[in-house]
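Accompanying notes for the structure given below.
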2 protein chains.
Amino acid sequence: MSGQYSQPALDRGSPLPLWAQLLGRLHERLNRGEFAERFPTDLELMSDYGVSRQTVRDAVRRLADEGLIQRERGRGTTVRPRTFEQAAGTLESLFEYVEAAGHEQTSATREARLCTDARVAAILGLPSAEPLVYIDRLRLVDREPLALDRSWLPARIAEALLEIDLARTGIYVELVARCGVKLRSGSERLRPVIPPAPDRRALGLPANQAALSVSRLTRGTGGPVEWRESLVRGDRWTIVVELTPTTRTSASLPWAPFAA
Amino acid sequence: MSGQYSQPALDRGSPLPLWAQLLGRLHERLNRGEFAERFPTDLELMSDYGVSRQTVRDAVRRLADEGLIQRERGRGTTVRPRTFEQAAGTLESLFEYVEAAGHEQTSATREARLCTDARVAAILGLPSAEPLVYIDRLRLVDREPLALDRSWLPARIAEALLEIDLARTGIYVELVARCGVKLRSGSERLRPVIPPAPDRRALGLPANQAALSVSRLTRGTGGPVEWRESLVRGDRWTIVVELTPTTRTSASLPWAPFAA
DNA sequence: TTGGCTGTATTGTCCGGACATTAGTACCTA
DNA sequence: TAGGTACTAATGTCCGGACAATACAGCCAA
């Protein structure tokens, strides 16, 4: 610790370039929420760490490239919010494309109630008798069913959702705004399925057509906040994968083994 | 034209920064194949365009960020080949994951012959009676069928494939190496389907399971070179979509309407 | 012929300086 | 109160310089 700067000095004997060391420091400080109020200016970082402006710019540029901050001439550098506001996944994407194509997307809530479910509780890391909010919606495009959408959420955080008309708003929006949940991440698994007869009927899916099953776990800062199972009828929309000659690219989709 | 440099001078009165102008110039020259033999050094670009090394580096760095070139200390800058060598798509991704998980992937050619097909010819932009090479393979993991894979290629460019054991090599590799095709791009469409009974039997797919259909058009420099239809059984592997809090992200999959 | 050393070439890092562009704030005048 | 001007702050651009790290080629000695 040099005592000369307001931050511990970088190691000039390290094989790691100064900009890389500074980048690591800034990552740590970002992750600790140290820049929640304000990100330092180039000049401040220069004096804080005892390096040239070029070195500061090389480090900070990489933070900007990662989307963690935004730099604007005249205004300075701001931290970009890390909230996962829309938690957009496969289904949200679909509806974006649907609406971009000029169609009307609506939803009808078929069920919204408290329940217990040992299978889902286990997925959410909860005791098997833990109360859950269960929401079952039919998603429609131009009044035709496109997807069936079922969510299970811990009642202790999401009970307020039962009082809301979810045909008019989204689960994630309300989870954030009303239940004070901070969404962090999610993961989805996609596979083709033959839906059971009641679901097939609800979707209006012909007997010779399959559906895409999208299972999703959504996580908040405090742990899992939602298990969701959706069925998208397979005879209306298709997923597109473009393959382009950018080097090394493979626009590849990740795969994992399916365990039934 | 200043006559002072070996390239037309950049416009110092333009609102566009010098690095951006230089980047545009280098893009054009790359696209024209002007650097096929050798990419110029920083020093050469400095004197060619009359700018500082910093400006050269700012422009060239962005080419590297795009993956079009590669810079190596001591060696210089090389152009990355633009060939679309592996033409990796959804299925190739799948097999990468399969093999990364320690499984053995093999394939068995069920048919390889000349044919005509008016539907596929239309897709490839060919006359309906144009001869096509038809290749039908079963793809296996640890000797269990995982996917059915059918390709149609114009015979006038791909006839040599009929003489090759495609269990031991890939269509694209041979298309490039033996048929002299330059692959440029591709696009795939994914949807869940109930396969016809012969395909279901070939895959060993239980009656209550669906398959993922992957239809793909592969393009070469001279136009479409392959139409491909694959079926992946839906009870073994699943596509994964991770949703992370990188700002602005939506790890969204693109969708398009399905026309049967 | 092979291995080691030296010299040259090339990109990467870091420093310093200066000016341009943009944004925001404060102050003044109509 | 609204509009205009001046000033300050902050990032972007561009220049120049110097040294470090890496690669490669050539040359020499064993």
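Taking all protein chains as shown and a probe of 1.4 angstrom, A:LYS182 keeps an accessible surface of around 130 Å².
Derived scalar couplings between HN and Hα for the stretch A:66-74 equal 7, x, 7, 9, 9, 10, 9, 4, x Hz in order, rounded to whole Hz, by the Karplus curve 6.51 cos²θ - 1.76 cosθ + 1.60 (θ = phi - 60°), x for Gly and Pro. Put simply, the amide H of A:TRP237, placed in the peptide plane, has neighbours under 5 Å in B:PHE258, leaving out anything fewer than 5 places away on its chain. Inter-copy label distances for A:ALA256: 3.0 nm (label point placed 7 Å from Cα along Cα→Cβ; shortest first).
This model, with +1 at the C-beta of Lys and Arg and -1 at the C-beta of Asp and Glu, gives the stretch B:131-260 a dipole about its Cα centre of some 280 debye. Only protein atoms count toward the accessible area here, which uses a 1.4 Å probe; on the stretch B:18-79, the carbon and sulfur part of that area reaches 45 percent. Note: relative contact order over chain B, using C-alpha pairs below 8 Å and six or more positions apart, is 13 percent.
Here chain A is assigned +1 on the Cβ of each Lys and Arg and -1 on the Cβ of each Asp and Glu. Its dipole about the Cα centre then comes out at about 420 debye. Computed from protein heavy atoms with a 1.4 Å probe, the total accessible area buried between A and B is close to 5400 Å². Put B:TRP255, B:TRP227 in order of accessible area, highest first, and with a 1.4 Å probe you get B:TRP227, B:TRP255.
Backbone geometry of the stretch A:25-30 corresponds, through the Karplus equation with coefficients 6.51, -1.76 and 1.60 at θ = phi - 60°, to 3J(HN,Hα) couplings of 4, 5, 4, 4, 5, 4 Hz, x marking Gly and Pro. Once you sort the root eigenvalues of the Cα gyration tensor of the stretch B:18-79 as a ≥ b ≥ c, which label holds: rounded (a/c under 1.5), prolate (a/b larger than b/c) or oblate (the other case)? Rounded shape, in that the Cα axes give a/c under 1.5. Measuring nothing but how far apart in sequence close Cα pairs (under 8 Å, 6+ apart) lie, relative to its length, the stretch B:127-207 scores a relative contact order of 26 percent. Calculate log10 I(q)/I(0) of the stretch A:57-206 for q = 0.10, 0.15 Å⁻¹, where I(q) comes from the Debye formula with a single equal point scatterer on each Cα and nothing for solvent. Debye intensities relative to I(0), on a log10 scale: -0.50, -0.95.
Per residue of chain A, the DSSP helices (runs of n ≥ 4 H) give a summed -39500 (n - 2.57) that works out to -7500 deg cm²/dmol at 222 nm.
The residues of the stretch B:18-79 present an accessible area of 56 Å² per residue when probed at 1.4 Å with all protein chains retained. Loop-resident trypsin sites (Lys or Arg not before Pro) (DSSP state other than H, G, I, E or B) in the stretch A:73-173 with no more than 13 further Cβ atoms inside 10 Å of their Cβ: A:ARG73, A:ARG75, A:ARG143, A:ARG168.
Ranking of B:ASP42, A:ASP149 by solvent-accessible surface, largest first: B:ASP42, A:ASP149 (1.4 Å probe, protein heavy atoms only, all chains present). Against the compact-protein benchmark of 2.2 N^0.38 Å, the Cα-based radius of gyration of chain B scales to 1.30. Per-residue Karplus couplings for the stretch B:180-194, computed as 6.51 cos²θ - 1.76 cosθ + 1.60 with θ equal to phi - 60°, are listed in order as x, 7, 9, 7, 10, 6, x, 9, 10, 10, 10, 7, x, 9, 9 Hz, Gly and Pro entered as x. Of the residues A:ALA158, A:VAL225, A:PRO8, the one whose Cα sits farthest toward the positive end of the charge dipole of chain A, with +1 on the Cβ of Lys and Arg and -1 on the Cβ of Asp and Glu, is A:PRO8. Only one residue of B:PRO195, B:VAL214, B:CYS179 has its Cα farthest out toward the positive end of the dipole of the stretch B:173-219, where Lys and Arg carry +1 and Asp and Glu -1 on Cβ, and that residue is B:CYS179. Look at the alpha carbon pairs under 8 Å that are at least 6 residues apart: their mean separation over the length of the stretch A:18-79 gives a relative contact order of 38 percent.
Got a number for the accessible area of A:ASP65? Probe 1.4 Å, square angstrom, nearest 10. In the full protein context, A:ASP65 sits at about 110 Å².
Going by accessible surface with a 1.4 Å probe and the largest first, B:LEU23, A:LEU22 read B:LEU23, A:LEU22. With loop membership from DSSP and a limit of 16 other Cβ atoms within 10 Å, the longest segment of chain A without GluC sites (Glu not before Pro) is A:105-260. Relative to the other identical copies, B:GLY24 shows label-point distances of 4.1 nm, where the label point lies 7 Å from Cα along the Cβ direction and values run shortest first.
The values are calculated or read from the model by the stated rules, or taken from the named source; none is laboratory data. These numbers come from a predicted model, not from an experiment. Note that we place each Cβ from the backbone using ideal geometry, even for glycine, and neighbour counts take in every protein chain shown. The area values use the complete protein model at the heavy-atom level, side chains included, leaving out ligands, DNA and RNA. Shrake-Rupley method; radii C 1.70, N 1.55, O 1.52, S 1.80 Å.
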